[in-house]
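**Student:** Below is a structure I'd like to ask you about.
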Amino acid sequence: MSSIHAESIRKHLKLYFIMGSINCQRHPVNVLSDAIAGGITLFQFREKGPGALIGQAKLDLAKQLQKLCQEHHIPFIVNDDINLAISIGADGVHVGQDDESAIIIRKKLGTHAIIGVSAHTIFEAKQAIQDGANYLGVGPIYPTQTKPDAKAVLGTRLIQELRTKGIDIPLVGIGGITTDNAADVIQAGADGISVISAIASAASVRNVAALFNQNLSI
Ligand code: TZP
Ligand code: MG
């Protein structure tokens with residue numbers, strides 16, 4: 001990866017909003033639109049869990065959300081679904097440890113795609129870097145209700161450890177991040193934070209996104 005690409009990704013990770021239809025109390029297009037107005041810097045379409053859309057409905061929503069992102073120059077990342085990402089020309093994908101390796105995904109998506117990988121240990125982080133991941137999602141940092149199968153809570157320890165070891169790949173913390181604890185995640189060495197419920201379920205999506213932004217500008 002060229003370093004210009006890496007530095008551009010690092011900047012986009014600052015306030016990384018993730019959601020799918022089941023995380024939203026209003027139409028996802030309205031939620032994303034408000035989140036963009038509040039200043040999110042990256043978006044991941046994560047249409048997953050009980051009641052999630054599938055097939056044509058999932059494709060249609062992906063296209064609507066992607067269009068909104070394109071209008072605001074916000075990269076659009078797809079969770080897990082490599083074929084969906086290819087079919088709509090998404091900017092990248094985010095995968096977990098049980099998904100295909102970044103090596104295979106890179107072959108499918110090409111050099112310019114943004115590939116993010118979830119890491120829960122130093123070993124997983126190093127492997128993802130070796131496989132060509134552009135950024136890591138490290139977590140869960142704090143307890144979360146959003147992912148029932150989330151692994152053990154890490155706190156900010158792994159982020160600190162990665163940075164102490166000189167691993168400088170762009171990375172975000174994920175899991176239970178709120179406007180109150182976001183700055184601690186950055187302080188530990190993350191380039192940004194990724195958030196589902198604190199933004200998607202907020203009474204004012206726009207205001208909460210803006211408050212995150214304010215609290216991250218440290
Ligand atoms: N991966 C680790 S924790 C998590 C994911 C997808 C859920 C994050 O959601 P929230 O609502 O921001 O805690
Ligand atoms: Mg996955």
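The values are calculated or read from the model by the stated rules, or taken from the named source; none is laboratory data. For clarity, every value in this text was computed on a predicted model and none was experimentally measured. For neighbour counting, all protein chains shown are included, and Cβ atoms are generated from backbone atoms with ideal geometry for every residue, glycine included.
**Student:** Can you name every residue in region 46-67 that is in contact with a helix residue (DSSP H, G or I) (Cβ under 6 Å, 6 or more places away or on another chain) and of a type in the set (Asp, Glu)?
**Tutor:** Matches in region 46-67: GLU47 only.
**Student:** Report, by residue number, each residue of region 164-195 that is of a type in the set (A, V, I, L, M) and crowded, with 23+ Cβ neighbours inside 10 Å.
**Tutor:** LEU171, VAL172, ILE174, ILE177, ALA182, VAL185, ALA190, ILE193, VAL195
**Student:** Could you tell me whether any residue of region 52-60 is within 16 Å of ligand 2 (Cβ to nearest atom), surrounded by fewer than 21 Cβ atoms within 10 Å (Cβ to Cβ), under 15 Å from the mean Cα position of the chain (by Cα) and modelled with pLDDT of 95 or more?
**Tutor:** So far as region 52-60 goes, no, none of its residues is within 16 Å of ligand 2 (Cβ to nearest atom), surrounded by fewer than 21 Cβ atoms within 10 Å (Cβ to Cβ), under 15 Å from the mean Cα position of the chain (by Cα) and modelled with pLDDT of 95 or more.
Okay, residues lined up against (1) at positive phi; (2) touching a Phe, Trp or Tyr at 6+ places or on another chain (Cβ under 9 Å); (3) assigned to a helix (DSSP H, G or I):
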position: ARG10; (1), (2), (3): no, yes, yes
position: TYR16; (1), (2), (3): no, yes, no
position: GLN25; (1), (2), (3): no, no, no
position: ASP34; (1), (2), (3): no, no, yes
position: GLN44; (1), (2), (3): no, yes, no
position: GLU47; (1), (2), (3): no, no, no
position: PRO50; (1), (2), (3): no, no, no
position: LEU53; (1), (2), (3): no, no, no
position: ALA57; (1), (2), (3): no, no, yes
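**Student:** For THR146, work out the one condition from (1) in a loop (DSSP other than H, G, I, E, B); (2) free of Cβ contacts under 8 Å to residues at least 60 places away in the same chain; (3) within 11 Å of ligand 1 (Cβ to nearest atom) it doesn't fulfil.
**Tutor:** (2) is the only condition that THR146 fails.
**Student:** Going residue by residue through region 124-136, is there one that turns out to be of a type in the set (Val, Ile, Thr) and either in contact with a helix residue (DSSP H, G or I) (Cβ under 7 Å, 6 or more places away or on another chain) or part of a loop (DSSP other than H, G, I, E, B) (or both)?
**Tutor:** Checked region 124-136: no residue is of a type in the set (Val, Ile, Thr) and either in contact with a helix residue (DSSP H, G or I) (Cβ under 7 Å, 6 or more places away or on another chain) or part of a loop (DSSP other than H, G, I, E, B) (or both).
**Student:** Within region 139-180, can you find the residues that are of a type outside the set (Asp, Glu) and within 15 Å of ligand 2 (Cβ to nearest atom)?
**Tutor:** Residues satisfying the conditions are GLY139, PRO140, THR146, LYS147, PRO148, ALA150, LYS151, ILE174, GLY175.
**Student:** For region 138-181, name all the residues that are of a type in the set (A, V, I, L, M) and over 19 Å from ILE115 (Cβ atoms). Show your work before the answer.
**Tutor:** Within region 138-181, the subset of a type in the set (A, V, I, L, M) is 138, 141, 150, 152-154, 158-159, 162, 167, 169, 171-172, 174, 177.
If the condition is that a residue be of a type in the set (A, V, I, L, M) and over 19 Å from ILE115 (Cβ atoms), then ILE141, ALA150, ALA152, VAL153, LEU154, LEU158, ILE159, ILE177 are the ones that fit.
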